[in-house]
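See structure below.
The values are calculated or read from the model by the stated rules, or taken from the named source; none is laboratory data. Every value quoted in this text rests on a predicted model; they were computed, and no experiment measured them. Cβ placement follows ideal geometry from the backbone for every residue including glycine, while neighbour counts extend to all protein chains displayed.
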Amino acid sequence: MERSFKKDVDALRLGAGETFRGEGILAVTKALLQSGVSYVGGYQGAPVSHLLDVMVDAEDLLADLGVHVETCTNEAAAAAMLGASINYPLRGGVTWKSIVGTNVAADALSNLASPGVIGGALIVLGEDYGEGASVIQERSYAYAMKSSIWLLDPRPDLPTIVHMVKKGFELSEASHAPVMLDLRVRACHVTGEFIAEDNKRGLYSGQRRLEGPPRFEYGRLAHPPVIFSQERLKIEQRLPTAQKFIREQKLNEVIPGEIDEIGFIVLGGLTNGLLRALARLDLADLYGVSRIPISVLNVAYPLVPEEVREFCAGKRAVLVVEEGSPDYVEQQINVLLRGAGGDTEVLGKGCLPRSGDYSLEVLLRGIAAFLSQTRPDGIDADAVSRRVDAMLAHKPGALAAVGDIPPRPPNFCTGCPERPVFAAIKLAQRDIGPTHISADIGCHSFATFAPFSLGNSILGYGMSLASAAAVAPNMAKRPIGVMGDGGFWHNGVITGVASNVFNKGDGVLIIMQNGYAFATGQQYLPSSNASRSGAPTGISIERTLRSLGVHWLRTVRTYSVGKMVTTLKEAMRTAERGLKVIIADGECMLARQRRLRVEQAEKLKRGARVVKTRFGVDDEICTGDHSCIRLSGCPSLTVKPNPDPLLKEPVAAVIESCVGCGLCGEVAHAAVLCPSFYRTDIISNPNWLDRTVAQVRRSVIDWLSPKREISAQSVEGKNPPIASKPQARRRARPSLRSKWPNVQASSRVTATPTNPAPAIIASSLRK
Ligand code: SF4
Ligand code: SF4
């Protein structure tokens, strides 16, 4: 992979007594190695992709330790990997994005939790909840409760996170249950330091292999009738053992405070936010010393009844700080206290909102509401409320001052190979009319935003085709499913393609084959050109589809918009029944640019020939209707003032970030838009042929150009004021300004963005 995690890998090598500095998720990665894991796996997804990426890059180090790393094809595979810890004293850690990944892994998790484990099994969850989240807003807590998996939610500071990884393995082994480590986005990205320990080899590993399988033990299978005794074990043995361990090892913390008639019970992951809000109100300091006692639940599940009762003893009221619904912790605390006859009032939802991220603003208001309701001695609750109001009073004014901010939806990267496919769908729909489009997870879901606004449902990763199964037989037109190659391997090949062929479906599926799982940070897929070792994977989507019985199959280069339009129309109209699959083939532009940048820099260093292609708009031909922008949505395509003083509409313009993918020209061509677009090849270190061709072109242009009429002013885009636009065009439009492509050669090294294509065109015109 072109990215390098070298620095991060170096951090994993730190030994006892050295200081680790970095992000929370890297600290977890180091903590796994310090805990003596024998295997690591997972499925990428923000905010935990980094763990697996770094592990993959740390091959040498892991080989020394005998740690096996598996890049799983989905979360179910990662969860099933933990099966190694059911029978063997092998410690293992897996990771994925939650809640979506936990949903996918749910079956394997239930079947893991029921028999339980001998070796420590830790699941690092990237809890994508709250501001900036990218998945449906649910929490992982329910899975922990229903499956008897213990849920750690460490306070986001590095020593606590690292300690909880270590203790997580011990807890898992002591209670024979898997453990989840819940890391919110902020915890993954919090930076800090901790004193490292040496990495440890697992008891058994690739370096010291087990002799053989254990004796057959039926009790280790999640299978009836033993599942009934396993249920009893979970409740009657593993739960009390876990609670005892949590209490003895002091995994939860209490921050004392002088105003002890009230208190806060906070999920560990929210502790920093709560302390920050208290500090803003002078109820805590910057070092975490609080005037009001706080019980920090670094273990969110199970709660330890004795600890809860001890903390609440003598308190009139506590505020439970727990994001989202249902209020699992608040309900449990109520039950624990009422069951023991305690009369501490439990507040939570009501003072705090029932849904959404507990940002600083939310916490400030929640604390003020709690204090107003409880009015403890030593705090002027009304003054706190006034202070919070004053702190937040500027917000309506600020909002009014900025006015309506135009929405800025996320978008495909410049030059993305997936954008042309949606331009093609829009063009095809002009002819075939609108149809149902089942969208999917991946970069291509950006097509649900303007300017494409395409997609009627999203049911999960790789589920687009499956989600159209009941649409197709009930709709006059064939639905179109759109799926990425990541989604195809994650789920789509089975739930979508195999099921559709088996059920004799008749829809259309577009598979975006960009070569990587890129929405999660550029990870390899089974069908990538090469695996992480650099060797070809030998797995192809096309062959897989054919082996499943897909007969109508076309592979089309994504940038060939015209061909894509024709193929789509054919797929929609053909009398042939059965699934019709179009593989839209085009390497992810971000990955391509990463690779090209390195290659080109290398070539330039050697003085070798490098060609960069850029596109531009002839602003004297552009009519300003902006169909090109509406059909491509490329962020490098924008508008600028019309150079014609008689015309108001801004003209289209291509800015420096253009990567020359060619979509502009393709769309203009396929949509029969206008001939405004031209292409420029910027050649560094040109060879003799380039120079000769350029010289011939220049001569022809010179010969054809009405030189005296092209003033320097018109070259700069300022037409003579007395000329009408058509006159100005006739005068200022030499043959150079005919329809693209035009090729210019220059001996200038143009590798820097300060030396863009228009300079070269202008210099040609000035001849
Ligand atoms: S990361 Fe790649 S596939 Fe995703 S939007 Fe960017 S160019 Fe397209
Ligand atoms: S050629 Fe057009 S669509 Fe492609 S990157 Fe440049 S401006 Fe964007």
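Taking interchain pairs and intrachain pairs at least six residues apart, which have beta carbon atoms under 7 angstrom, with the first residue in region 512-533 and more than 13 Å from ligand 1 (Cβ to nearest atom) and the second of a type in the set (D, E, K, R) and part of a loop (DSSP other than H, G, I, E, B)?
Close Cβ pairs (under 7 Å, with a partner that is of a type in the set (D, E, K, R) and part of a loop (DSSP other than H, G, I, E, B)) amount to 524/532.
Taking the stated definitions as given, is residue 537 touching a residue at least 60 places away in the same chain (Cβ under 8 Å), among the β-branched types (Val, Ile, Thr) and assigned to a loop (DSSP other than H, G, I, E, B)?
Numbers: touching a residue at least 60 places away in the same chain (Cβ under 8 Å): no; among the β-branched types (Val, Ile, Thr): yes; assigned to a loop (DSSP other than H, G, I, E, B): yes.
Answer is no for this residue.
Of the residues 7, 30, which is more than 30 Å from residue 226 (Cβ to Cβ) and touching a residue at least 24 places away in the same chain (Cβ under 8 Å)?
30
Looking at (1) more than 16 Å from ligand 1 (Cβ to nearest atom); (2) modelled with pLDDT of 95 or more, which is the only condition residue 490 fails?
It fails just one condition, (1).
Can you tell me which residue is surrounded by the fewest Cβ atoms within 10 Å (Cβ to Cβ) among those in region 675-704 that are among the aromatic types (Phe, Trp, Tyr) and without any contact (Cβ under 8 Å) to a residue 40 or more places away in the chain? Walk me through how you get there before you give the answer.
If we filter region 675-704 for residues that are among the aromatic types (Phe, Trp, Tyr), which is where we start, we get 677-678, 688, 703.
Now narrow it down to the ones that are without any contact (Cβ under 8 Å) to a residue 40 or more places away in the chain: 688, 703.
Details: 688: 7, 703: 9.
Taking the candidates together, the pick is 688.
Only one residue in 666, 656 is within 16 Å of ligand 2 (Cβ to nearest atom) and exposed (fewer than 15 other Cβ atoms within 10 Å of the Cβ). Which one? Give the derivation first.
On the way: 666 fails: exposed (fewer than 15 other Cβ atoms within 10 Å of the Cβ).
So the residue among 666, 656 that is within 16 Å of ligand 2 (Cβ to nearest atom) and exposed (fewer than 15 other Cβ atoms within 10 Å of the Cβ) is 656.
Any residue at all in region 195-210 that's within 33 Å of the chain's Cα centre (by Cα), of a type in the set (Val, Ile, Thr) and surrounded by 14 or more Cβ atoms within 10 Å (Cβ to Cβ)?
At the first step, the residues of region 195-210 found to be within 33 Å of the chain's Cα centre (by Cα) are 195-202, 205-206.
Remaining after also requiring of a type in the set (Val, Ile, Thr): 195.
Still in the running and surrounded by 14 or more Cβ atoms within 10 Å (Cβ to Cβ): none.
Checking region 195-210: not a single residue is within 33 Å of the chain's Cα centre (by Cα), of a type in the set (Val, Ile, Thr) and surrounded by 14 or more Cβ atoms within 10 Å (Cβ to Cβ).
For region 304-315, check the following and say yes or no: at least one residue is without any contact (Cβ under 8 Å) to a residue 24 or more places away in the chain and either hydroxyl-bearing (Ser, Thr, Tyr) or surrounded by fewer than 24 Cβ atoms within 10 Å (Cβ to Cβ) (or both).
Residues of region 304-315 that are without any contact (Cβ under 8 Å) to a residue 24 or more places away in the chain, as a first pass: 310.
Narrowing further to those that are either hydroxyl-bearing (Ser, Thr, Tyr) or surrounded by fewer than 24 Cβ atoms within 10 Å (Cβ to Cβ) (or both): 310.
Looking through region 304-315, at least one residue is without any contact (Cβ under 8 Å) to a residue 24 or more places away in the chain and either hydroxyl-bearing (Ser, Thr, Tyr) or surrounded by fewer than 24 Cβ atoms within 10 Å (Cβ to Cβ) (or both).
Within region 83-105, can you find the residues that are outside any helix (DSSP H, G or I), touching a residue at least 40 places away in the same chain (Cβ under 8 Å) and among the small types (Gly, Ala, Ser)? Spell out how you get there, then give the answer.
From region 83-105, those outside any helix (DSSP H, G or I) are 83, 88-99; that's our starting set.
Pick out the ones that are also touching a residue at least 40 places away in the same chain (Cβ under 8 Å) and you get 88-99.
Selection gives 92, 93, 98.
Under 9 Å between Cβ atoms, which residue pairs at least 6 apart in sequence (or on different chains) link something in region 251-264 that is in contact (Cβ under 8 Å) with a residue 60 or more places away in the chain with a partner that is surrounded by fewer than 16 Cβ atoms within 10 Å (Cβ to Cβ) and among the basic types (Lys, Arg)?
Matching pairs, first to second residue: 261/316; 262/316.
Quick one: is residue 447 in contact (Cβ under 8 Å) with a residue 12 or more places away in the chain and within 16 Å of ligand 2 (Cβ to nearest atom)? Spell out how you get there, then give the answer.
Values: in contact (Cβ under 8 Å) with a residue 12 or more places away in the chain: yes; within 16 Å of ligand 2 (Cβ to nearest atom): yes.
Answer is yes for this residue.
Give me the strands (runs of 3 or more DSSP E) completely within region 9-82, filtered to those with at least 1 residues that are within 23 Å of residue 173 (Cα to Cα), ordered by residue number.
Numbers: elements: 19-23, 39-42, 68-71.
In region 9-82, the matching strands (runs of 3 or more DSSP E) lie at 39-42, 68-71.
Give me the pairs: first residue in region 619-632 and closer than 15 Å to residue 644 by Cα, second residue among the hydroxyl-bearing types (Ser, Thr, Tyr), beta-carbon distance under 6 Å, and six or more apart or on different chains, which are they?
621/676; 622/676
Among the residues of region 386-443, what is the count of those that are of a type in the set (Phe, Trp, Tyr) and either at pLDDT below 95 or in contact with a Lys or Arg (Cβ under 8 Å, 6 or more places away or on another chain) (or both)?
Kept after step one, since they are of a type in the set (Phe, Trp, Tyr), are these residues of region 386-443: 412, 422.
The next check asks that each one be either at pLDDT below 95 or in contact with a Lys or Arg (Cβ under 8 Å, 6 or more places away or on another chain) (or both); those that pass are 412.
The number of residues fulfilling the criteria is 1.
Hey, among the residues in region 372-384 that are free of Cβ contacts under 8 Å to residues at least 60 places away in the same chain and in contact with a helix residue (DSSP H, G or I) (Cβ under 7 Å, 6 or more places away or on another chain), which one's surrounded by the most Cβ atoms within 10 Å (Cβ to Cβ)?
Kept after step one, since they are free of Cβ contacts under 8 Å to residues at least 60 places away in the same chain, are these residues of region 372-384: 372-373, 375, 380-383.
Now restrict to residues that are in contact with a helix residue (DSSP H, G or I) (Cβ under 7 Å, 6 or more places away or on another chain): 372, 375, 381.
Details: 372: 13, 375: 14, 381: 17.
Here the answer is 381.
When you scan region 256-266, do you find a residue that is assigned to a helix (DSSP H, G or I) and of a type outside the set (Asp, Glu), even just one? Break it down into steps so the answer makes sense when it comes.
The first filter runs over region 256-266 and keeps only residues assigned to a helix (DSSP H, G or I), leaving none.
There is no residue in region 256-266 that is assigned to a helix (DSSP H, G or I) and of a type outside the set (Asp, Glu).
Quick one: in region 393-408, which of the residues that are within 30 Å of the chain's Cα centre (by Cα) and loosely packed, with under 10 Cβ neighbours inside 10 Å is nearest to residue 447 (Cα to Cα)?
The qualifying residue nearest to residue 447 (Cα to Cα) is 408.
Given the condition surrounded by 15 or more Cβ atoms within 10 Å (Cβ to Cβ), touching a residue at least 24 places away in the same chain (Cβ under 8 Å) and within 16 Å of ligand 2 (Cβ to nearest atom), answer yes or no: does some residue in region 494-509 qualify?
no
Here's a check for you: in region 412-426, which residue that is β-branched (Val, Ile, Thr) and in contact with a Ser or Thr (Cβ under 7 Å, 6 or more places away or on another chain) is nearest to ligand 1 (Cβ to nearest atom)?
So the first thing to find is which residues in region 412-426 are β-branched (Val, Ile, Thr), and the list is 414, 421, 425.
Okay, now just the ones that are also in contact with a Ser or Thr (Cβ under 7 Å, 6 or more places away or on another chain), so 414, 421.
Values: 414: 8, 421: 11 Å.
Per the stated criteria, the residue is 414.
So which of 578, 562 ends up being part of a loop (DSSP other than H, G, I, E, B), within 26 Å of residue 540 (Cα to Cα), touching a residue at least 60 places away in the same chain (Cβ under 8 Å) and not charged (D, E, K, R)? Walk me through how you get there before you give the answer.
On the way: 562 fails: part of a loop (DSSP other than H, G, I, E, B).
Testing whether each residue is part of a loop (DSSP other than H, G, I, E, B), within 26 Å of residue 540 (Cα to Cα), touching a residue at least 60 places away in the same chain (Cβ under 8 Å) and not charged (D, E, K, R) leaves just 578.
With the requirement that a residue be touching a Gly at 6+ places or on another chain (Cβ under 8 Å) and of a type in the set (Ser, Thr, Tyr), what does region 655-684 give you? Reasoning before the result, please.
At the first step, the residues of region 655-684 found to be touching a Gly at 6+ places or on another chain (Cβ under 8 Å) are 658-661, 663, 666, 669-670, 677-680.
Residues satisfying the conditions are 678, 680.
Being away from ligand 1 (no atom under 16 Å from the Cβ), buried (at least 21 other Cβ atoms within 10 Å of the Cβ) and under 21 Å from residue 428 (Cβ atoms) is the filter here, so list the residues in region 534-560 that pass it. So that I can check it myself, show each step before the final result.
To start, the set of residues in region 534-560 that are away from ligand 1 (no atom under 16 Å from the Cβ) comprises 534-540, 542-556, 560.
The next check asks that each one be buried (at least 21 other Cβ atoms within 10 Å of the Cβ); those that pass are 545, 556.
The answer is 556, and nothing else.
With within 16 Å of ligand 2 (Cβ to nearest atom) and free of Cβ contacts under 8 Å to residues at least 24 places away in the same chain as the only criterion, which of 590, 596 stands out?
On the way: 590 fails: free of Cβ contacts under 8 Å to residues at least 24 places away in the same chain.
None of the others qualify; the one that does is 596.
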